[in-house]
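Novice: Please see the structure below; I have some questions.
The values are calculated or read from the model by the stated rules, or taken from the named source; none is laboratory data. Predicted model, so just to flag it, every value in this text is computed and none were measured. Don't worry about glycine lacking a Cβ; one is built from the backbone with ideal geometry, like all the others, and counts go over all protein chains shown. Remember, those area values only see protein heavy atoms, side chains included, never the ligands or the DNA or RNA. Shrake-Rupley method; radii C 1.70, N 1.55, O 1.52, S 1.80 Å.
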Protein chains: 2
Amino acid sequence: MAVVVHKYGGTSVGDAERIKHVAKRIIAARQKGNDVVAVVSAMGDTTDDLIELAHKLNDCPEPREMDVLLSTGEIVSSTLLAMALKNMGQDAISLSGQQAGIRTDSVHSKARITGIDPKRIHDELDKGRVVIVAGFQGISDCQDVTTLGRGGSDTTAVALAASLGASICERYTDVDGVYTADPRLIPDARRLSEISYEEMLELSSYGAKIMHPRAVEIGQVYNIPILVASSFNENPGTLIHGGEKMEIRNKVSGIAHDFEVAKITILGVPDKPGIAAGLFAPLAKAGVSVDTIVQNSSQDHITDLTFTVTKSDLGKALEVIGPIAKELQAREVLSDSKIGKVSIIGTGMLNAPGYAARMFKALSDAGINILLISTSEIRITCIIEEDKVKDAVRAIHKAFEMEKD
Amino acid sequence: MAVVVHKYGGTSVGDAERIKHVAKRIIAARQKGNDVVAVVSAMGDTTDDLIELAHKLNDCPEPREMDVLLSTGEIVSSTLLAMALKNMGQDAISLSGQQAGIRTDSVHSKARITGIDPKRIHDELDKGRVVIVAGFQGISDCQDVTTLGRGGSDTTAVALAASLGASICERYTDVDGVYTADPRLIPDARRLSEISYEEMLELSSYGAKIMHPRAVEIGQVYNIPILVASSFNENPGTLIHGGEKMEIRNKVSGIAHDFEVAKITILGVPDKPGIAAGLFAPLAKAGVSVDTIVQNSSQDHITDLTFTVTKSDLGKALEVIGPIAKELQAREVLSDSKIGKVSIIGTGMLNAPGYAARMFKALSDAGINILLISTSEIRITCIIEEDKVKDAVRAIHKAFEMEKD
């Protein structure tokens with residue numbers, strides 16, 4: 001029998017009725033002749049409630065304790081789903097991350113999976129059972145519970161699919177696929193039937209809140225097709241894969257946008273080797289993720305350096321940068337938190353000329369000023385004013401006629 | 001350093017404020033120069049809430065899944081208490097039953113502890129940490145989470161105290177000790193400063209809802225003194241122990257009572273060997289706990305047999321007994337669920353004459369009819385009508401002048 005891995009998000013298992021609904025979907029998948037392993041998130045707001053409770057006791061709770069606390073949320077939903085399946089006549093068993101053989105490093109709250117021993121899962125599948133695995137968690141070499149951080153349950157699911165040699169990882173939430181743009185902004189945004197791993201990575205990294213890049217990366221490395229679909233309807237969803245049809249498709253797959261951007265500009269930095277490292281290494285050490293970096297061309301060995309961070313990291317970034325800028329005798333540090341970004345993403349876009357020009361023209365026609373530009377092989381990103389982001393997405397979606405298949 | 005084991009019940013860790021309060025008590029115990037291991041129950045109604053959720057998905061949830069589900073309650077409170085301690089500057093770590101080395105058999109929902117490997121606890125204590133252990137749970141040889149059933153967290157605490165060679169097990173709830181009778185019935189009931197294991201066992205078994213007999217038995221076997229006290233005040237509590245002072249004390253330590261009693265009488269049973277076994281073995285198999293058994297003296301090889309069960313087991317007991325009584329050609333099966341019991345308990349009572357007579361006279365003076373009598377070495381129990389139980393406790397408490405020390 002082929003193994004398929006399902007993954008159900010927090011809203012999909014949000015209450016008893018929804019859990020029963022998920023159980024029916026799993027039984028349907030089994031009746032198609034597959035062995036099913038299902039990974040679940042914690043029910044609805046469980047994780048937030050537990051975090052709130054922890055913060056009543058400790059402003060800065062120990063990550064090791066936090067991991068143990070939060071891991072209970074997924075354990076609860078995994079047992080409830082197993083109970084629902086058994087009540088419907090389908091034998092099932094819930095396994096914690098530890099029981100499922102998910103070993104991680106010891107970096108609490110953002111552990112990385114170091115290996116999976118799928119023996120117990122295989123044993124349970126061999127008994128004719130559906131195996132429900134508590135997502136988001138594993139066990140360290142010290143036998144302590146760890147959690148995988150953001151995108152954790154997706155990561156569990158794709159990693160398990162790879163380890164079990166599954167034919168597919170089907171990931172169900174309340175979103176029924178990947179769209180050409182956020183459907184809340186663009187009502188006629190089109191659901192993509194397929195997308196490549198690379199495009200999905202760029203979409204995720206550049207603000208489309210669909211799936212954490214981590215899980216997509218594992219899918220790419222082990223070549224596991226990932227279906228993104230809704231557990232609330234029967235729409236076919238979007239298949240993330242590495243198939244051959246990619247090259248011949250429409251070059252622009254989707255538009256990503258992000259409001260949570262802030263910009264820091266350091267004016268009058270000496271233009272000599274080592275400056276960038278001296279600036280960005282301390283930021284990385286402070287846990288600030290730097291996104292777009294732009295350095296203007298140098299005049300008289302003095303240059304201006306601009307980079308973006310998330311809005312929530314702006315304060316921390318300025319604290320780190322302040323003393324360094326002073327030491328470098330930079331002229332001034334400026335910051336702006338009222339900015340956002342918009343990106344077009346598509347495989348092979350840079351090999352086909354005209355996409356960037358078409359994007360810039362669309363923005364210009366809409367009266368939107370471009371503050372910074374950054375590109376990758378399959379992405380073009382423009383940093384613009386925050387209150388222009390929605391207009392920009394609409395203008396670009398229209399310019400590329402993305403509502404059409 | 002001496003190790004002391006604390007155990008905090010569900011109300012003692014019912015919310016964030018109470019958890020902080022418990023943390024302070026633990027720190028105070030450490031400042032007296034002890035290593036502290038604290039066992040916690042689930043917060044307040046957590047367990048009931050989880051049971052309700054499970055029953056929405058399955059009328060009869062698999063015990064294995066139920067155990068995993070319920071075990072999360074104690075894990076949550078253990079991590080929160082560890083966080084509270086760290087926030088107050090006391091290093092601490094939470095351990096699940098598995099991490100604390102608590103191995104059990106595989107009888108889910110009422111597992112028995114088969115052994116404890118306290119290595120990790122010792123390691124953590126050696127690091128200067130307070131160790132918080134999630135009560136009520138262990139791990140089977142199949143690496144599945146088990147729960148210990150009723151009195152589970154108390155059992156965890158006393159068993160850990162034995163395994164760690166602790167000097168004492170201090171068990172904190174919202175009740176500040178063992179009283180001569182239920183203080184809700186007898187306002188001037190007196191808190192006992194000490195009580196023997198045997199007396200405590202009889203009190204617990206005969207209706208005083210203070211501590212499950214299981215935990216007391218372990219205390220007795222390993223000679224661990226158990227302090228029963230409240231986490232909400234500084235009253236000294238009651239010490240359960242096997243000390244030598246026992247013999248010289250007041251012979252009647254306490255009065256237990258129970259409303260949850262039902263009586264079954266089988267009339268006209270052949271009086272021959274094997275009859276009792278033929279009746280009570282099937283009841284035991286059906287999980288019905290039989291309490292008092294009284295067989296009247298036989299006339300013409302025909303006898304009447306009466307026994308008591310809990311009210312909640314009456315229906316099941318009658319179902320089991322019906323066909324057997326028919327087979328035995330018994331004349332009739334009668335049942336009465338409107339009864340209760342009252343017991344006096346005291347070490348060495350039966351060696352000092354007059355106690356039974358004094359109890360019976362107190363009941364008689366209060367106009368209370370005795371339906372059945374049962375005795376052990378340290379207990380005299382009268383089965384009476386349910387609506388006379390309160391009066392009976394008051395009359396006996398007064399007759400023995402138990403309010404006086």
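Novice: Which whole-Hz ³J(HN,Hα) couplings does the stretch B:223-233 yield from phi under the Karplus relation 6.51 cos²θ - 1.76 cosθ + 1.60, θ = phi - 60°, glycine and proline marked x?
Specialist: 3J(HN,Hα) across the stretch B:223-233, in whole Hz: 6, 9, x, 10, 9, 9, 8, 9, 8, 9, 8.
Novice: Apply the Karplus parameterisation 6.51 cos²θ - 1.76 cosθ + 1.60, with θ equal to phi minus 60°, to every residue of the stretch A:375-382 and state each ³J(HN,Hα) to the nearest whole Hz, in sequence, with x for glycine and proline.
Specialist: Per residue, the Karplus-derived 3J(HN,Hα) values read 9, 10, 4, 10, 8, 10, 10, 10 Hz.
Novice: Related question: Taking the Cα of residue A:259, stepping 7 Å toward and past its beta carbon, and measuring to each backbone N in the stretch A:156-184: which are under 19 Å?
Specialist: Under cut-off, by backbone N: A:181-184.
Novice: Carbon and sulfur atoms: what percent of the 1.4 Å accessible area of the stretch B:323-395 do they account for?
Specialist: Here carbon and sulfur together make up 47 percent of the probe-accessible area.
Novice: Excluding residue B:152 itself, calculate the net charge of residues whose Cβ lies under 12 Å from the Cβ of residue B:152, where each Lys or Arg counts +1 and each Asp or Glu counts -1. It would help to have the intermediate numbers written out before the result.
Specialist: Numbers: positive: B:7, B:110, B:112, B:150, B:214; negative: B:67, B:74, B:154.
Charge balance near residue B:152 sits at +2.
Novice: Threshold 20 Å², probe 1.4 Å: give the residues of the stretch B:2-33, in number order, that are less accessible with all protein chains present than with their chain alone.
Specialist: B:16, B:20
Novice: Report the net charge of residues surrounding residue B:17, where surrounding means a beta-carbon distance below 14 angstrom and charges are Lys +1, Arg +1, Asp -1, Glu -1.
Specialist: The answer is +4.
Novice: Relative contact order for chain A: what is it in percent, counting Cα pairs under 8 Å that are at least 6 residues apart?
Specialist: Reported as a whole number, the value is 14 percent.
Novice: Right, something else. Only four residue types carry charge here, +1 at the Cβ of Lys and Arg and -1 at the Cβ of Asp and Glu. Report the dipole size of the protein assembly as shown about the Cα centre in Debye, rounded to the nearest 20.
Specialist: Here the protein assembly as shown has a charge dipole of around 100 debye.
Novice: On the rotation axis linking copies B and A, which residue of B comes nearest by its Cβ, and by how many whole Å?
Specialist: Output: B:72, 2.
Novice: In addition: Checking an interface number: how much accessible area is buried between B and A, summed over both chains, with a 1.4 Å probe, in Å² rounded to 100?
Specialist: 3100
Novice: Turning to a different aspect of this structure: What is the packing order of peptides A:254-267, A:377-390, B:362-375, taking the mean over residues of other C-beta atoms within 10 Å and listing the highest first? All intermediate terms of the calculation are to be shown ahead of the outcome.
Specialist: Details: A:254-267: 21.6, A:377-390: 19.6, B:362-375: 15.5.
The packing order, highest mean first, is A:254-267, A:377-390, B:362-375.
Novice: Using a/c under 1.5 as the rounded threshold, could you call the protein assembly as shown rounded, prolate or oblate? The axes a ≥ b ≥ c are square roots of the C-alpha gyration tensor eigenvalues, and prolate needs a/b larger than b/c, oblate otherwise.
Specialist: prolate
Novice: Considering only the protein assembly as shown, what is the antiparallel percent among its DSSP beta bridges, to the nearest 5?
Specialist: Antiparallel bridges make up about 60 percent of those DSSP assigns within the protein assembly as shown.
Novice: Please compute the modelled spin-label separation between residue B:106 and residue A:295, points set 7 Å along Cα→Cβ, answer in nm with one decimal.
Specialist: Taking the simple label geometry, residue A:295 and residue B:106 are separated by 6.4 nm.
Novice: What is the average number of partner chain Cβ atoms found within 10 Å of a Cβ in B:83-92?
Specialist: Mean shielding by partner chains, rounded to a whole number: 4.
Novice: Something else: Taking a ≥ b ≥ c as the square roots of the eigenvalues of the Cα gyration tensor of the stretch B:2-174, is the shape rounded (a/c under 1.5), prolate (a/b larger than b/c) or oblate?
Specialist: Working: a/c = 2.15, a/b = 1.40, b/c = 1.54.
Verdict is oblate for the stretch B:2-174.
Novice: Would you tally the net charge around residue B:114, using a Cβ to Cβ cut-off of less than 15 Å, leaving residue B:114 out, and scoring K and R as +1, D and E as -1?
Specialist: 0
Novice: Hey, got the dipole for the stretch A:2-174? About the Cα centre, +1 on K and R Cβ, -1 on D and E Cβ, debye to the nearest 20?
Specialist: 740
Novice: Continuing with this model, one more query. With the dipole of the stretch A:249-389 worked out from charges on the C-beta (+1 for Lys and Arg, -1 for Asp and Glu) around the Cα centre, which of A:322, A:335, A:363 lies farthest toward the positive end?
Specialist: A:363
Novice: Taking +1 at the Cβ of each Lys and Arg and -1 at the Cβ of each Asp and Glu, which of B:276, B:221, B:108 sits farthest along the dipole of chain B towards its positive end, judged by Cα position relative to the Cα centre?
Specialist: B:221
Novice: Next question, about the same structure. Only four residue types carry charge here, +1 at the Cβ of Lys and Arg and -1 at the Cβ of Asp and Glu. Report the dipole size of the stretch B:246-405 about the Cα centre in Debye, rounded to the nearest 20.
Specialist: So the dipole magnitude of the stretch B:246-405 works out to roughly 200 debye.
Novice: With unit charges on the beta carbon (Lys/Arg positive, Asp/Glu negative), name the residue among B:397, B:374, B:238 whose Cα is farthest towards the positive pole of the charge dipole of chain B.
Specialist: The Cα lying farthest towards the positive end belongs to B:238.
Novice: Okay, next question. Using the heavy atoms of the protein chains and a 1.4 angstrom probe, tell me the accessible area per residue for chain A in square angstrom.
Specialist: Accessible surface, normalised per residue, equals 43 Å².
Novice: Can you tell me the equivalent ellipsoid semi-axes for chain B? Use √(5λ) from the Cα gyration tensor, largest first, whole Å.
Specialist: Equivalent ellipsoid semi-axes, largest first: 40, 27, 18 Å.
Novice: Any idea what % of Cα-Cα pairs in the stretch A:255-399 are farther than 20 Å?
Specialist: So the pairs more than 20 Å apart make up 51 percent of the total in the stretch A:255-399.
Novice: Once you have a ≥ b ≥ c as the square roots of the Cα gyration tensor eigenvalues for the stretch B:68-118, tell me rounded if a/c is under 1.5, and otherwise prolate or oblate according to whether a/b is larger than b/c.
Specialist: Numbers: a/c = 4.80, a/b = 1.91, b/c = 2.52.
Oblate shape, in that a/c is at least 1.5 and b/c is the bigger or equal ratio.
Novice: Once label points are set 7 Å from the Cα along Cα→Cβ at both residue B:277 and residue B:188, what is their separation, rounded to one decimal in nm?
Specialist: Taking the two extended label points, one gets 5.3 nm.
Novice: Please list the radius of gyration and Dmax for the stretch B:66-157, considering alpha-carbon atoms only, with Å as the unit.
Specialist: Rg and Dmax of the stretch B:66-157, Cα atoms, are 13.0, 40 Å.
Novice: Related question: What does the structure give for A:65-73 when I average, per residue, the other chain Cβ atoms found within 10 Å of the residue Cβ?
Specialist: On the way: counts 13, 2, 1, 11, 10, 2, 4, 9, 2.
Across the residues of A:65-73, the mean count of other-chain Cβ atoms within 10 Å is 6.
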